[in-house]
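Some notes on the structure that comes next.
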Amino acid sequence: MLNVVLIGPPGVGKGTQAGILAKRFEMDHISTGDMLRAAVRSGSELGKQVEAVLAAGNLVSDDLMVALIRERLEGDAADTGWLLDGFPRTVAQAEALKELLDELDQTIHAVVEMTVPDEVLVGRLTGRLTCRACGASTHRSRVEEGEQSPCPDCGERELYQREDDTETTVRARLEVYRQSTDPVVEVLGRHYPLRKVSGDGTPREVAERLNGVLG
Ligand code: AP5
Ligand code: MG
């Protein structure tokens, strides 16, 4: 059983790699971004509260995020192992996570920091198409011109551009990452094993590197 935190800037490939790893190691993929987008789609009270925050590329409040994560880590994820994608994103969240894990008698076996040059990130994100059904993503360049191609993961035909994947919002998200999330790596590294992996290259090459680090 493996508990992993994948950390890195928007577009580095956390979601793509988390999908591959969760299958391989049979662990629960906990993506806070996916959870928030699902809440927005459902029109729930939470969704209404966070919709504008997501669209602007800002961060949802620490209290709310910690409560969402607590619910998941207290549940079935504890039996299967888990992979956190998009959490923690602030030093306060990192500290709250450490406290929560101590309380639940759980730990993190690896914190994996993924890195890719900024220009690559912007190109990946502004061209990303996301699946409405399963949340997997692909790049516009891989979809035939003028053709509606199915999701590479589940076959669903409806792919859309995330509202926060415009160039302006992508740059704002990268700035938020530098300000709020970069320092989290060092904080987590004080308590748990830290590994650094390049997210450049094909998804398969990156997956091999991650396997090397986690396997
Ligand atoms: P979230 O959904 O977590 O977005 P993010 O961190 O900005 O990361 P992305 O999902 O954009 O990128 P990714 O690293 O998953 O890359 P992907 O694999 O898709 O968060 C969204 C928002 O929710 C936040 O802005 C915030 O408002 C809120 N939020 C979430 N968590 C929060 C928290 N803890 N606290 C407060 N607020 C929170 O890949 C990107 C693209 O590149 C895809 O098109 C993919 O196909 C392609 N690609 C992937 N790998 C490769 C490769 N190796 N080569 C070429 N292309 C590749
Ligand atoms: Mg993602």
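The values are calculated or read from the model by the stated rules, or taken from the named source; none is laboratory data. None of the values given here were measured: they were computed from a predicted structure. Positions of Cβ are generated from backbone atoms using ideal geometry, with glycine treated the same way; all protein chains shown enter the neighbour counts. Quick note on the areas: whole protein, heavy atoms, side chains included, nothing else; ligands and nucleic acids left out. Shrake-Rupley method; radii C 1.70, N 1.55, O 1.52, S 1.80 Å.
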Exercise for the section: Give the residue that is nearest to MET35 (Cα to Cα), with candidates limited to residues of segment 134-193 that are basic (Lys, Arg) and more than 19 Å from the chain's Cα centre (by Cα). Expected result: ARG157
Fill in the blank from the handout: Counting only helices (runs of 4 or more DSSP H) entirely within segment 115-215, those with at least 3 residues that are of a type in the set (Val, Ile, Thr) are 118-126, 167-176, 182-191
Problem - Verdict on SER61 being more than 16 Å from ligand 2 (Cβ to nearest atom), at pLDDT 95 or above, closer than 22 Å to VAL185 by Cα and hydroxyl-bearing (Ser, Thr, Tyr) - result: yes
Problem - Within segment 1-110, helices (runs of 4 or more DSSP H) holding 1 or more residues that are within 8 Å of ligand 1 (Cβ to nearest atom), among the aliphatic types (A, V, I, L, M) and touching a helix residue (DSSP H, G or I) at 6+ places or on another chain (Cβ under 9 Å) - result: 32-42, 45-56, 62-74
Exercise for the section: Output the residues belonging to segment 185-201 that are free of Cβ contacts under 8 Å to residues at least 12 places away in the same chain and open to solvent by 70 Å² or more (accessible area, probe 1.4 Å). Expected result: GLU186, ARG190
Fill in the blank from the handout: Across segment 116-135, the tally of residues that are touching a residue at least 40 places away in the same chain (Cβ under 8 Å) and either open to solvent by less than 20 Å² (accessible area, probe 1.4 Å) or away from ligand 1 (no atom under 11 Å from the Cβ) (or both) stands at 6
Problem - Long-range neighbours under 9 Å by Cβ, at least six apart or interchain, first residue within 15 Å of GLU71 (Cα to Cα) and aliphatic (A, V, I, L, M) within segment 20-46, second within 13 Å of ligand 1 (Cβ to nearest atom) and assigned to a loop (DSSP other than H, G, I, E, B) - result: ILE30/GLY86; ILE30/PHE87; MET35/GLY86; LEU36/VAL60; LEU36/GLY86
Handout entry: Qualifying residue in segment 32-45 (condition: near ligand 2 (Cβ under 10 Å from one of its atoms) and open to solvent by less than 40 Å² (accessible area, probe 1.4 Å))
Key = yes
